[in-house]
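Bear in mind these aren't lab numbers, they're just calculated from the coordinates by the rules spelled out. All figures in this text were calculated on a predicted structure; none of them were measured in a lab. Using ideal geometry, Cβ is built from the backbone for each residue, glycine included, and neighbour counts are taken over all protein chains shown.
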Amino acid sequence: MKIENVKAVITGAGSGLGEGTARYLKNKGAELLLIDLNADGLKKVADDINCKYVVGDVSNEEEMKNAINDFNEINCLVNCAGIAVGAKVVSSRGMHDLGLFEKVLKVNLIGSFNMLRLCADKMQANEPDKEGEKGVVINTASVAAYDGQVGQAAYSASKGGIVGMTLPIARELASNGIRVNTIAPGLFATAMLAGMSDEVQKSLIATTVFPKRLGTPLEYAMLVESIVTNVLLNGETIRLDGSVRLAPR
């Protein structure tokens with residue numbers, strides 16, 4: 001699929017990886033619909049690059065049905081919406097709050113699946129291109145799906161679920177001409193990491209291999225472009241991490 005032919009829905013577009021992807025794809029000629037719960041951040045990005053946008057919760061079925069209803073001929077979805085929390089299963093402070101665990105899974109995993117099924121339903125009505133392709137879905141997992149740290153039970157479970165559903169959904173949607181892939185970022189310079197203490201950030205950067213730094217939203221967006229334009233990439237989860245492997249703590 002050529003970028004200039006892309007009509008993409010991007011979730012989590014008000015900041016971080018979603019914002020970086022929106023700015024990059026728009027600059028390449030794609031038509032975009034941006035979605036985020038962060039109204040201020042989303043409006044700023046949408047105004048900057050002149051895109052349609054909807055403030056909403058990706059895990060809410062009716063909100064998202066309405067959000068994409070008038071954005072016709074969707075042929076790309078980039079799922080970047082997500083939250084991260086740190087909590088131990090048991091500690092001197094008590095047990096892991098069950099509601100918190102459910103919230104992380106609802107936003108990260110159920111939200112991603114909700115957007116995927118809604119957009120895939122619209123994609124299947126598209127006219128296929130010369131390769132027979134009607135659409136492409138790109139989910140966002142995390143290296144924490146593979147080597148999650150202490151306190152990341154909820155986050156790792158949600159991202160592991162995204163990795164786990166990638167291949168079976170790709171196999172299912174192949175008959176509809178829709179590809180499904182996942183990116184598993186490592187340590188990236190986003191608001192999610194910025195919310196951690198300086199001590200934690202330095203300890204994380206120290207674990208990086210090469211390059212010895214955090215990843216950037218631009219580098220994530222470049223991989224999105226590669227997946228969109230390379231039709232042979234399907235059913236795959238790609239680590240984008242500079243060979244980092246997270247330590248237990």
Fully extended, how many nm does the chain gain between Val89 and Ala191 (0.36 nm per residue separation, minus their Cα-Cα distance)?
-> 34.2 nm
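Give the calculated FRET efficiency between Lys103 and Ala125 to the nearest 0.05, with a Förster radius of 35 Å applied to their Cβ-Cβ distance.
Details: r = 33 Å, r/R0 = 0.95.
Computed FRET efficiency for Lys103 and Ala125 comes out at 0.55.
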Alpha-carbon centroid distance for the pair region 179-196 / region 199-249, whole angstrom = 7 Å
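Report D for region 162-249 in µm² per second (integer): Stokes-Einstein, Kirkwood Rh on Cα pairs, 20 °C, 1.002 mPa s. Please list the in-between numbers first.
Details: Rh = 14.6 Å.
D, rounded to a whole number, is 147 µm²/s.
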Using θ = phi - 60° and the Karplus form 6.51 cos²θ - 1.76 cosθ + 1.60, what ³J(HN,Hα) does each residue of region 50-66 get, whole Hz, x for Gly and Pro?
-> 6, 10, 6, 8, 9, 7, x, 9, 5, 8, 8, 4, 5, 4, 6, 4, 5
Cα extents of the chain per principal axis, largest first, Å, are 57, 39, 37
What the Cα atoms of region 54-110 span along the principal axes, largest first and in whole Å, is 52, 19, 15
Computed over the Cα atoms of region 1-49, what is the ratio Rg over Rh, Rh following Kirkwood?
-> 0.96
Just in region 131-213: which GluC sites (Glu not before Pro) are loop by DSSP and have at most 15 other Cβ atoms within 10 Å?
-> Glu131
Can you tell which of Leu42, Gly135, Gly18 lies farthest toward the positive end of the dipole of the chain, using +1 and -1 charges on the Cβ of basic and acidic side chains (Lys, Arg; Asp, Glu)?
-> Gly18
Taking the Cα centre of region 122-248 as origin, sum charge times position over the Cβ atoms of Lys and Arg (+1) and Asp and Glu (-1), and report the length of that vector in debye to the nearest 20.
-> 180 debye
Cα-Cα over 24 Å, subset of Lys26/Lys122; Lys28/Lys65; Lys2/Lys134 | Lys28/Lys65
